[in-house]
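Worksheet: one structure, shown below.
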Number of protein chains: 2
Amino acid sequence: MSQSQTLAIDAMGGDFGPDVTVAAAAAALKQKPGLCFIFTGDKSRIDKVLETHSALKDVSDVVHTSKMIGSHEKASAALRNSKDSSMRLAIELVKDGKAQSVVSAGNTGALMAISKIVLKTLPGITRPAIASIFPTVKGKTVMLDLGANLTCDAEVLTQFAVLGAVYARVVMGIDTPSVGLLNVGTEEQKGHEEVREAAAILSAVNFPGRYHGFIEGNDIALGTVNVVVTDGYTGNVALKTAEGVGKMTSQFMRDAFKSSPFAMLGFLLASGAMARLKKRVDPRTYNGGMFLGLGGVCVKSHGGSDEVATMHAILTAANLVENGFNQRVCVEIEQLMNQESFISAAVMS
Amino acid sequence: MSQSQTLAIDAMGGDFGPDVTVAAAAAALKQKPGLCFIFTGDKSRIDKVLETHSALKDVSDVVHTSKMIGSHEKASAALRNSKDSSMRLAIELVKDGKAQSVVSAGNTGALMAISKIVLKTLPGITRPAIASIFPTVKGKTVMLDLGANLTCDAEVLTQFAVLGAVYARVVMGIDTPSVGLLNVGTEEQKGHEEVREAAAILSAVNFPGRYHGFIEGNDIALGTVNVVVTDGYTGNVALKTAEGVGKMTSQFMRDAFKSSPFAMLGFLLASGAMARLKKRVDPRTYNGGMFLGLGGVCVKSHGGSDEVATMHAILTAANLVENGFNQRVCVEIEQLMNQESFISAAVMS
C-alpha cells in the first residue's frame, strides 16, 4: 500500500548535506514509489544531486534558502534565529499542509523546539516524546521517551504509553502490543512516585495495548514487551548505554578474530554469518528518532547518517503517514481522556 | 601483599547455599593465602562442605543458625525479622570487630537495610551506594550508585565521586582517577539540577580524582572515565540495559555461528579466541556489588552466582579491606568537608 504523500526534507541537515539527504530520498523512492519530496536548502547544491536521479527529480520541489542551523547551537538560540532556515522551512511545509512529514538530520534540540512551536502537540498530548526502534532477542521493540523530557509525570507517561502502543499497532502491525514501564524492579512498590502512579493509571484504563507491568533494563534487549515507556533522562541513558555496549562488543570481536591465525581463518569461513549478524543489529536500519505527539510527523535522522541510514529515517516518516499514525493517536487519546478510570486515576495522582 | 583478615560469609545466601559459598571461599583462599572465614548458617551443611576443603577448614569458624532471609522478602519486612538470620549474624560479626568484611548472595534490599542499621555509614557519608566494576574498551571502570538510592542530591553525588575515586586509587591503582557524572549530554546546561550542582561542586573542590565533566551512556563501555557517578535509578537501568544487550549479542552470535556449515567450522577454528572473548566480558569476573560508604566492608554477590563468581565477590571484599578502603574514605571525606570551596558550593546548592 503506497499512497501518494509528500515529505519535506531538510536537505542541509546532518554532516553531509544534500549529497546524502537527496541521494537517500532517491533510494527511499525506489522502496516506496508514490513518495513526493520538497527539499529545503541550498538550491544549487540540491539540484546538482537531483540531476543524477531523474525519477526523484520528477517528484521533487526545492525551496531555496541559504540559511541553516548549526549543529552545536543551543536549542533556545537556534529557535530565536530559525527564521528562513532550511530546518524551519521544512517544518513549516508540514504546518501549511504542503507536506505530511518532515525529516531532518540537523540539531536535535532545535528540531524539537521549532517543531513544538510550529506544529504544536496533538489535542490531549501534553508533551511530545522521542521514540525509536530497537533490535531485541524476540524482534523489535519501540521505546520512548529518549530525551525530549527529563522528567515526566504519571499522566505524561500514560500518554507515551498510548503513543507507543498506537505505533506498535498501526506501524508494526501488533494487534495488542504489550507495554512496560521501565523501573528498577518489577515489584509494585519499586521506583519513583511517577512510575508507580503511571502503573496505577495504565492498570485501570482501556488503551490500545496491554499493560505488562514494570520492566527492568535487561528487558529492553530481551524483547519482554513491544513498547518500553520511560522518562527522557532514563531513556536517553539506556539508549546510549546500549550503543556503547554494542560498540565495545564489536571491538572485542575484532580483537578476538585478529588474535591468532586460526581465529582469522575461522572469521573468513564465518564471514557470511558475521555479515548477517552485523546487519541484524546495524544501527542504520534503526535510524530515525520519531518525535511522537506533535501535530505533524517529524523524524530526526542521526547527524552522521549515510545514505542507507537516512533512507531508513525517510521511510520511517513515510510509514507513520501512510498508516495514519497521528489520526489514530487523536482518536485513542480522546477515548482515554473520556474514561472514568483515567479521570479518577489522574485526579488521584 | 596478603595480610591476615577475616571475612564473614553468609553461607546460606544465594541459590545454592553452602555448596557454593563454602567452596568459593576455598577457591579464594588459594588465590589469597592469609584469609580467615566465619560462616553463618546451617552448621551441618557448612561442615559437610568444609570437610572436603581441609586448608579452608583450618582457618574457618562457623556460627550456627537455622534462620535465613528469603530472597523475595521485602526489605522492610526482612529487616524486622532479621534477628539471628545468617545474613544479620554475618553483618554483626563485622560490627563486633570479629570480621573485617561481610559477603552475602542473599536478598539485596535486606542486605542494604540491615547493613545500614548495623554498620551505619562512615562519618560524613550521608548514604551508602552500590558500586560495581565494568569491562570497557579501555580496561575497567567503576560505577555507582547502582540502585541503593533512587534520587540523590548534589552533595550525595559528590560523596559518591569521592567513594569511587578512592576505590579507583587504592584498589585499582590509578593515581588520579577521572570521574564523570552520567547525564544526557556533555554541555554544562544539560540535565537535572542535581547533576548540574554536583558538577559545580566537583569542579570547585580538591578530591582524590580529576573531575572529567558530564558523560553520556555510551561513555560507560567506551571507558571514557575511570569512575562513573550517577543516581541509583539511572545507574540500575544502565547496568541492566548493558546486561540485556550483552545477552542479546551472545544469542545473536550463537545464531550466526549455527547458521551454516561454514560458520560452524569457522567457529571451531576461532573457538580459542571466542573463549578468550567470553572470558573478557564474563559477568562472573565482575561479580560483587560493593556497598560503599558503610562503616564496614559489605559485598553483595549475585544470587545465581556459581563458585567462580562467588570467589570473585569474596576477593572483592578482601581487596577493599587489604587496601584500607574505608580508612582512606574517612580521611578524604573529612578533607572534602573542610574545604571552603565545598562548603560554599554545598551552601549554594
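A compact table of results
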read-out: Projected label distance in nm at A:ARG280 and B:THR186, using a 7 Å step from Cα toward the beta-carbon; value: 3.3
read-out: Shortest-first nm distances, A:MET337 label point to equivalent points in other copies (7 Å, Cα→Cβ); value: 5.2
read-out: For region A:45-51, Karplus couplings with θ = phi - 60° (6.51, -1.76, 1.60), whole Hz, Gly/Pro x; value: 5, 5, 4, 4, 6, 4, 4
read-out: Charge tally in the Cβ shell below 12 Å around B:ARG80, where Lys, Arg are +1 and Asp, Glu are -1, B:ARG80 excluded; value: +2
read-out: Rg/Rh ratio calculated on Cα atoms of chain A (Kirkwood radius); value: 1.00
read-out: Net charge over other residues, Cβ less than 14 angstrom from the Cβ of B:GLU307 (K, R count +1; D, E count -1); value: -2
read-out: For A:248-260, mean number of other protein chain Cβ atoms within 10 Å; value: 6
read-out: Fraction of beta bridges assigned by DSSP in chain A that are antiparallel (%, nearest 5); value: 30
read-out: Efficiency of FRET between A:THR151 and A:LYS83 - r from beta-carbon atoms, R0 35 angstrom, step 0.05; value: 0.70
read-out: Gain in span if fully extended, B:GLN327 to B:ASP15, counting 0.36 nm per residue against the direct Cα distance; value: 109.0 nm
read-out: Inter-copy separations for B:GLY185, label at 7 Å along Cα-Cβ, nm, ascending; value: 3.4
read-out: For chain B, size of Cβ-based charge dipole, Lys and Arg +1, Asp and Glu -1, in debye; value: 900
read-out: FRET efficiency estimate (nearest 0.05) - Cβ-Cβ, B:SER203 to A:GLN31, R0 51 angstrom; value: 0.55
read-out: The protein assembly as shown - mean residue ellipticity at 222 nm from DSSP helices (-39,500 (n - 2.57) per run, n ≥ 4, rounded to 500); value: -15000 deg cm²/dmol
read-out: Contact order normalised by residue count of chain A, Cα under 8 Å, 6+ apart, percent; value: 22
read-out: Gyration tensor verdict on region A:231-298 (Cα atoms; rounded if a/c is under 1.5, prolate if a/b is larger than b/c, oblate otherwise); value: oblate
read-out: Prolate/oblate/rounded label for region A:1-147 (Cα gyration tensor, a/c 1.5); value: oblate
read-out: Selection from B:VAL156, B:GLN189, A:LEU182, by position along the positive dipole direction of the protein assembly as shown (Cβ); value: A:LEU182
read-out: Candidate lysines - alpha carbon under 21 Å from A:LYS278, same-chain residues fewer than 8 apart omitted; value: A:LYS138, A:LYS140, A:LYS240, A:LYS247, A:LYS258, B:LYS247, B:LYS258, B:LYS278
read-out: Stretchable slack from B:GLU334 to B:LYS98, in nm (0.36 nm times residue separation minus alpha-carbon distance); value: 82.3 nm
read-out: Most positive-pole-ward Cα, B:THR249, B:MET274, B:GLY213, against dipole of chain B from beta carbon charges; value: B:MET274
read-out: Backbone HN-Hα couplings from phi across region A:25-34 [Karplus 6.51/-1.76/1.60, Hz, Gly and Pro as x]; value: 5, 4, 5, 5, 4, 5, 6, 9, x, x
read-out: Under the Karplus curve 6.51 cos²θ - 1.76 cosθ + 1.60, θ = phi - 60°, whole-Hz ³J(HN,Hα) for region A:267-273, x wherever Gly or Pro sits; value: 4, 4, 5, 8, 5, x, 5
read-out: For the protein assembly as shown, size of Cβ-based charge dipole, Lys and Arg +1, Asp and Glu -1, in debye; value: 1520
read-out: The protein assembly as shown: antiparallel DSSP beta bridges as a percent of all, rounded to 5; value: 30
read-out: Length gained when the stretch B:SER66-B:MET264 is fully extended (0.36 nm per residue, less Cα-Cα span); value: 66.3 nm
read-out: Separation of alpha-carbon centers, region B:39-106 and region B:209-229, rounded to whole Å; value: 36
read-out: Mean Cβ count within 10 Å, highest first, over the residues of peptides B:4-12, A:224-232, B:190-198; value: A:224-232, B:4-12, B:190-198
read-out: Placed amide H near B:PHE214: partners under 5 Å, 5+ positions off or other chain; value: B:LEU181
read-out: Of A:LYS83/A:LYS300; B:LYS32/B:LYS300; B:LYS74/B:LYS116, pairs whose Cα-Cα distance is over 24 Å; value: none
read-out: Farthest positive-ward along region A:1-119 dipole, Cα basis, beta-carbon charges - from A:SER115, A:GLY97, A:PRO33; value: A:SER115
read-out: Magnitude of the charge dipole, region B:81-173, Cβ model with Lys/Arg +1 and Asp/Glu -1, debye to 20; value: 200
read-out: Efficiency of FRET between B:ASP47 and A:SER250 - r from beta-carbon atoms, R0 45 angstrom, step 0.05; value: 0.35
read-out: Inter-chain shielding of B:262-268 (mean C-beta neighbours from other protein chains, 10 Å cut-off); value: 6
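Every number in this text was worked out from the coordinates using simple rules, so none of it is lab data. Quantities reported herein were computed from a predicted structural model and do not represent experimental measurements. Positions of Cβ are generated from backbone atoms using ideal geometry, with glycine treated the same way; all protein chains shown enter the neighbour counts.
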